[in-house]
Amino acid sequence: MKEEALLRHIQAGRRWALHAAIRRYTGYVTAVAARTLGPSLLPEDLEEVVSDVFVTLWLRSGDIQSGPSLRPWLAAVARNKAADRLRRTRGVLPLSDTLPAVGDLPEALVERQECHAQLRRAVEAMEEPDRTLFLLYYYEDQPLKEVAPRLGLSLAAAKARLSRGRKRLKETLLKGGIDHA
């Protein structure tokens, strides 16, 4: 099926067309996103970016101008989603001095993955509403101005909770993390 016809079917809300686009373009979108993300993020980050691209295709298909190819639009969305992911993960939690530089050494990658796992366990051990605030804001990349009211918090209170939570997480990780309970 030609790309223009595929796009028209997606715009008409036909799920089978979206699945066809996913099968056809996943490799391409993955390559574009991986180039933008580089080696610094986990495979799960890449998978999430790729998923976000196809969700955006489904939700914003009406905004796409028909053309000979979907590839340029998908590439632009993939680069933007990957860049957004990098912005949100770099410097979000002030732990860069505790993370090893990821080079070609598998040991460094394993150590970094364990640090991320410890961080996730520490976040999941937080009290409410801090746990949900952290998960929605840092892991789900939802805007704070939307997350705060959903949790019954003012924007200032949410920012203060995030700041205190980051300090507690850093202390927890510097002390060796939490048990694998």
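A few comments on the model shown:
- For the stretch 1-80, the equivalent ellipsoid derived from the Cα gyration tensor has semi-axes of 23, 12, 10 Å, listed largest first.
- Over the stretch 131-172: Rg over Rh, Cα atoms, Kirkwood Rh: 0.96
- Gain in span if fully extended, Asp63 to Glu44, counting 0.36 nm per residue against the direct Cα distance: 4.0 nm
- Gyration tensor verdict on the stretch 9-49 (Cα atoms; rounded if a/c is under 1.5, prolate if a/b is larger than b/c, oblate otherwise): prolate
- Listed residues Val55, Val147 arranged by accessible area, highest first, probe 1.4 Å: Val55, Val147
- Within the shell defined by Cβ-Cβ distances under 14 Å, the residues around Leu155 carry a net charge of +3, with Lys and Arg each +1 and Asp and Glu each -1.
- Placing dummy labels 7 Å off each Cα toward the beta-carbon, the span from Leu155 to Tyr139 is 2.6 nm.
The values are calculated or read from the model by the stated rules, or taken from the named source; none is laboratory data. All figures in this text were calculated on a predicted structure; none of them were measured in a lab. Every residue, glycine as well, gets a Cβ built from its backbone with ideal geometry; the counts of neighbours run over all protein chains shown. What goes into the accessible areas is simple: the full protein's heavy atoms, side chains included, and nothing from ligands, DNA or RNA. Shrake-Rupley method; radii C 1.70, N 1.55, O 1.52, S 1.80 Å.
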